[in-house]
Amino acid sequence: MTSLHKRPSGEWVKSERQLDRERRRRRQGVRSGSVAAASTILFVVLVALAVTSSPGWPRVRETFFDWERFSAAFPDVLGGFWLNIQIFLVAEVVILVLGLLVALARGLRSPLFFPLRMLATAYTDVFRGIPTILLVYLVGFGLPALELQGVPSSPAVLGGLALVLSYGAYVAEVFRSGIESIHPSQRAAARSLGLSQAQALRFVILPQAVRRVVPPLLNDFASLQKDTALVAVLGPLEALRQAQIHQAETFNYTPYLAAAVLFIALTVPMARFTDHLAARAERRRAPGGAP
């Protein structure tokens with residue numbers, strides 16, 4: 001029996017069976033949501049009871065959850081967090097450009113460009129192999145020690161440069177995987193229409209590749225946003241450094257909680273947006289999915 005039937009007026013309406021099926025689905029959805037909410041509340045209550053009833057909870061509460069210390073440190077930590085955001089925004093743009101250029105260089109097949117391809121490969125291999133915190137030390141303290149003309153002396157700039165070098169290698173591989181995931185028939189079809197290799201890459205391959213790699217790129221940038229705290233080892237007054245200053249003055253770790261709250265407030269929405277884009281891309285790839 002079909003789920004639609006036609007009225008004498010010519011209007012298509014849902015059948016009783018379809019309406020009943022939808023009502024059952026709604027009831028099942030309400031029941032599932034109620035069970036999920038109840039189990040979540042029960043889990044949170046049990047965890048809270050286990051933590052607060054532990055012998056060391058009073059000491060932990062005093063050391064990590066002191067509201068007075070939180071209120072005193074939060075304005076300075078918030079001011080330092082603005083520097084984290086500035087580093088993130090600038091580094092993100094540079095990383096996108098650098099990663100795309102390196103990915104394109106690795107895709108060059110002409111023997112003429114072998115040195116460029118070799119250099120791009122060496123870059124991704126080396127900088128993906130160095131821990132980010134170690135790279136921050138190497139760039140932040142190593143470049144000024146060379147005493148070269150024109151080398152920046154700002155710790156924030158040097159720390160941002162280290163993040164660019166590190167994340168540029170990862171983003172380059174993300175772009176390269178997206179480009180290589182496009183079926184060769186797309187390039188062949190573009191060439192058959194009279195487009196050059198560069199035009200086919202620009203107008204056919206890259207637009208499709210970029211759409212495919214948006215979710216993993218956003219994941220990388222969520223990690224980048226958190227790793228801006230690593231520049232604290234060089235001394236700039238960003239969020240983590242401000243929290244360290246307050247902790248050293250009061251011997252209380254609550255200021256770190258203030259910094260954590262700010263990072264979570266920025267990274268969680270980005271993570272949920274990434275999940276949304278990934279789910280939408282999956283729906284599009286599914287048979288009969290939305291365009």
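Since every read-out is calculated from the coordinates, none of them should be taken as a lab result. In this text the structure is predicted, and so the values were computed from the model without any measurement. Neighbour counts are summed over all protein chains in view; Cβ atoms, including those assigned to glycine, are modelled from backbone coordinates with ideal geometry.
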Compute the FRET efficiency between Ile245 and Val214 as 1/(1 + (r/R0)^6), taking r as their Cβ-Cβ distance and R0 = 22 Å, and round to the nearest 0.05.
0.05
Roughly how many debye, to the nearest 20, is the charge dipole of the chain about its Cα centre, given +1 on each Lys and Arg Cβ, -1 on each Asp and Glu Cβ, and no other charges?
2140 debye
In percent, what relative contact order does the chain have, based on Cα pairs under 8 Å that are 6 or more apart in sequence?
24 percent
Counting each DSSP H run of 4 or more residues in the chain as -39500 (n - 2.57), what helix-only mean residue ellipticity at 222 nm follows after dividing by all residues, to the nearest 500 deg cm²/dmol?
-26000 deg cm²/dmol
Near Ser166, within a Cβ-to-Cβ distance under 11 Å, what is the net charge of the other residues, with Lys and Arg +1 and Asp and Glu -1?
-1
Cα lying deepest toward the dipole's positive end in the chain, options His183, Ser110, Ala243, charges on Cβ
His183
Between Ala145 and Val94, what length in nm is gained on full extension when 0.36 nm per residue of separation is reduced by their alpha carbon distance?
15.9 nm
Projected area of segment 189-268, taken from the Cα convex hull and averaged over every viewing direction, in nm²?
7.5 nm²
Among 156-162, 36-42, 71-77, the order from most to least packed when residues are scored by Cβ within 10 Å on average
156-162, 71-77, 36-42
Consider the candidate values (1) 83, 69, 30; (2) 57, 43, 31; (3) 104, 75, 34; state which one is Cα extents along the principal axes in Å computed from the structure displayed.
(1)
